[in-house]
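Only the coordinates and a few stated rules stand behind these numbers; no lab work does. Note that this is a predicted model, so its numbers are computed, not measured. Positions of Cβ are backbone-derived with ideal geometry, glycine not excepted, and every protein chain shown enters the neighbour counts.
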Amino acid sequence: MVVNVWEQKLLYTRHLKGSPVGSRCSDQMVHNDLPHTSIIMCFVDEVWSTLIRSVFSVLNRSPPHLVKEIILVDDSSTKAYLKENLDNFMKKFPKVRILHLKERHGLIRARLAGANMATGDVLTFLDSHVECNVGWLEPLLEQVRINRKKVSCPVIEVINDKDMSYMTVDNFQRGIFTWPMNFGWKPIPTEELKKHKITDKDPIRCPVMAGGLFSIDRKYFYELGTYDPGLDVWGGENMEISFKVWMCGGEIEIIPCSRVGHIFRNDNPYSFPKDRVKTVERNLARVAEVWLDEYKELFYGHGYHLLQELNNIGDLTEQKELRKRLQCKSFQWYIDHVYPDLDAPPARAQGRVKNIALGKCLSLRNSSVSLESCDAGVQNQQFNFTWLRLIRQKDLCISPADVKNQVTVSPCDNLNGDLRWLHKSLTTFQPVLTDHFVVENSKQPMCLEAETSHGLVQINVCSPTNQLQKWRFDKYFTP
Ligand code: UD2
Ligand code: MN
């Protein structure tokens, strides 16, 4: 049976009088046998009033029978008021349980510690500086009730960090990412809205979640292997859980009738055990290695230095096995079905590679490189200039030979810097893919050059004016 939550709570709707949210959502029905939830809030050195505001908004604005408990995980805060003082204060609220971690776990492992003591049917994670709005919880639990593999997120509104006021945000925003896995928001294209007749109450399919605020069936969270426990401190865990959910049979949605305000801060009010940027990059590299398949080239292609991190990202065996065990789909499937508007060209450039001076094309035959009359139908003339700057045909790459000035063909290896080329102009500083192929690992600038007499290619000292050193791919995917 379904009931109208808004009618049960006339007292609350008063706050939303005149607000578009209230009127839009007030006729929405939910089941009367919703699962209950444990609320998990991790914090480190949170401001007292902000933490209390977060907890009170949950207590005041959720039907009591749906909140099994509120678990506050103190991630080894340094502030004295967050210890005994907090314990004593919260004694008045029997639903609140506090876990003081003896050492700093970082957000990701702190959430797991909270989840491990949770007893609710559903886990609802929140940051420690939020304000849950009226009627926020029921629509989240409703989606999990409909399908236990649905992960539901509220619309995240903005609490002003200067005056703590609450500001509403636009509808129809999806969580997305751009390379190298930066989280962002993007409106649903208008054609999509029209085509699927999406109204402002409909759940919004979300390629990735922001990370902080979501409800997930507790058992399902464990079936999914929770978060990768090898992720450190903060960052990237939202990508990991998002890919995992989608690729392994679940769904992520933003529920417009559920609204929670959040204080966005420019700075983290806590220290990072290691460098912040490095920590996030390391986490993202773990995610890329486990989930992105061949698309991890795009990830590394947008941040070369991340490749250097590969030695210190830790063991991935368990995560890879988990993916196999859960029979998760490919990243290609994820792109096709969940995030088709992701900008993910297969390479930086593709097709034949034509020499400007001779009008001839590179060709790979019997493992050696030569120049031939250009022919679009000949497979031997088809190359990729990959995201990792290799000139590649299937598994073979064109590279400088050990022998001076000679060019050879080697098995491609993304980690081998000796195979990389810079495709660029020698006369402009603009970063455009054009003209020369400069050997990346060379003290003196050395360039790929057509040799006129025998239809061969060689390496020579770069010269901006030498047309024999200028090349053009058929098609460029990036500038
Ligand atoms: C976003 C997410 C956040 C998390 C983060 C990392 C939202 C609104 N926020 O950044 O939940 O997913 O991205 O990817 O989606 N904390 C600890 N221990 C730590 C560090 C943080 O307990 O070592 C707590 C912190 O007090 C807060 C929560 O974890 O309650 C998230 O941290 P944040 O608020 O600094 O992250 P945020 O909102 O910038
Ligand atoms: Mn936050």
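For the pair Asn416 and Leu59, label points projected 7 Å from Cα toward Cβ lie 6.5 nm apart. In this simple spin-label model, placing a label point 7 Å from the Cα along the Cα-to-Cβ direction at both Ile52 and Asn147 gives a separation of 4.2 nm. In the structure shown, the pairs Lys274/Lys320; Lys186/Lys278; Lys150/Lys219; Lys329/Lys394 are assessed against 21 Å; a Cα-Cα span above that value is assigned to Lys274/Lys320; Lys186/Lys278; Lys329/Lys394.
Is segment 274-359 rounded, prolate or oblate when judged by the Cα gyration tensor, a ≥ b ≥ c being the square roots of its eigenvalues, rounded requiring a/c under 1.5 and prolate requiring a/b larger than b/c? Don't skip to the end; give the middle numbers.
On the way: a/c = 2.40, a/b = 1.44, b/c = 1.67.
Cα axes put segment 274-359 in the oblate bin.
Normalising the Debye intensity of segment 216-307 to I(0), with uniform scatterers on Cα atoms only, and taking log10 at q = 0.11, 0.12, 0.24, 0.26 Å⁻¹ returns -0.41, -0.49, -1.24, -1.28.
For Leu298, neighbours were defined as the other residues whose beta-carbon sits under 14 Å from its Cβ, and their charges (Lys and Arg +1, Asp and Glu -1) total -2.
Rounded to the nearest 5, the antiparallel percentage of DSSP beta bridges internal to segment 149-304 is 50%. Placing R0 at 35 angstrom, the Cβ-Cβ distance between Trp179 and Lys92 gives a FRET efficiency of 0.10 after rounding to 0.05.
Rounded to two decimals, what ratio of Rg to Rh does segment 311-391 give with C-alpha atoms and a Kirkwood Rh?
Rounded to two decimals, Rg over Rh is 1.17.
Counting neighbouring beta carbons within 10 Å and listing from fewest to most, the residues Asp170, Asp341 come out as Asp170, Asp341.
Fewest to most neighbouring Cβ within 10 Å: what's the order for Ser410, Ser62, Ser215?
Values: Ser410 17, Ser62 23, Ser215 28.
By the 10 Å Cβ count, ascending: Ser410, Ser62, Ser215.
The trypsin sites (Lys or Arg not before Pro) of segment 431-479 that DSSP puts in a loop, and whose beta carbon has at most 14 other beta carbons within 10 Å, are Lys443.
Calculate, for Thr465 and Asp375, the FRET efficiency according to 1/(1 + (r/R0)^6) with r their C-beta to C-beta distance and R0 35 Å; round to the nearest 0.05.
Values: r = 29 Å, r/R0 = 0.82.
After rounding, the FRET efficiency stands at 0.75.
Net charge near Ala110: determine it from the other residues with C-beta under 10 Å of the C-beta of Ala110, scoring Lys and Arg +1 and Asp and Glu -1. Can you show the working numbers first?
Numbers: positive: Arg104, Arg109, Arg111; negative: Asp74, Asp75.
Overall, the nearby charge balance is +1.
In loop segments of segment 242-277 as defined by DSSP, the trypsin sites (Lys or Arg not before Pro) with at most 14 further C-beta atoms inside 10 Å of their C-beta are Arg265, Lys274.
In the chain, helices alone account for a calculated mean residue ellipticity at 222 nm of -7000 deg cm²/dmol, with every DSSP H run of four or more residues adding -39,500 (n - 2.57). Rounded to the nearest whole angstrom, the semi-axes of the ellipsoid equivalent to the chain, taken from the Cα gyration tensor as √(5λ), stand at 53, 24, 19, largest first. Sequence-distant contacts, meaning Cα pairs under 8 Å at least 6 residues apart, place the relative contact order of the chain at 11 percent.
With the simple spin-label model, which puts each label point 7 Å out from Cα in the Cβ direction, the Asp336 to Phe429 separation comes to 4.6 nm.
A cysteine counts as unpartnered when no other cysteine's C-beta lies under 4.7 Å of its own; in the chain this applies to Cys42, Cys132, Cys153, Cys206.
Which percent, to the nearest 5, of DSSP beta bridges fully inside the chain are antiparallel? Don't skip to the answer; put the middle values down first.
Details: 59 of 86 bridges.
In the chain, DSSP labels about 70 percent of beta bridges as antiparallel.
In this calculation the C-beta distance from His31 to Glu223 is compared with R0 = 25 Å, giving a FRET efficiency of 0.65.
Check each of the chymotrypsin sites (Phe, Trp or Tyr not before Pro) in segment 421-456 and keep only those in coil by DSSP with at most 13 other C-beta atoms within 10 angstrom; list them in order. Could you put the intermediate results ahead of the total?
Numbers: sites: Trp421, Phe429, Phe437; in loops: Phe429.
Those satisfying the criteria are Phe429.
Hull surface divided by four, with the convex hull built on the Cα atoms of segment 194-237: how many nm²?
Values: hull surface 18.9 nm².
Projected over every direction and averaged, the Cα hull of segment 194-237 covers 4.7 nm².
In straight-distance terms, cross-link reach from Lys404 covers every one of the aspartates and glutamates whose alpha-carbon lies under 20 Å from its own, apart from those fewer than eight places away in the same chain; here that gives Asp418, Glu440, Glu449, Glu451.
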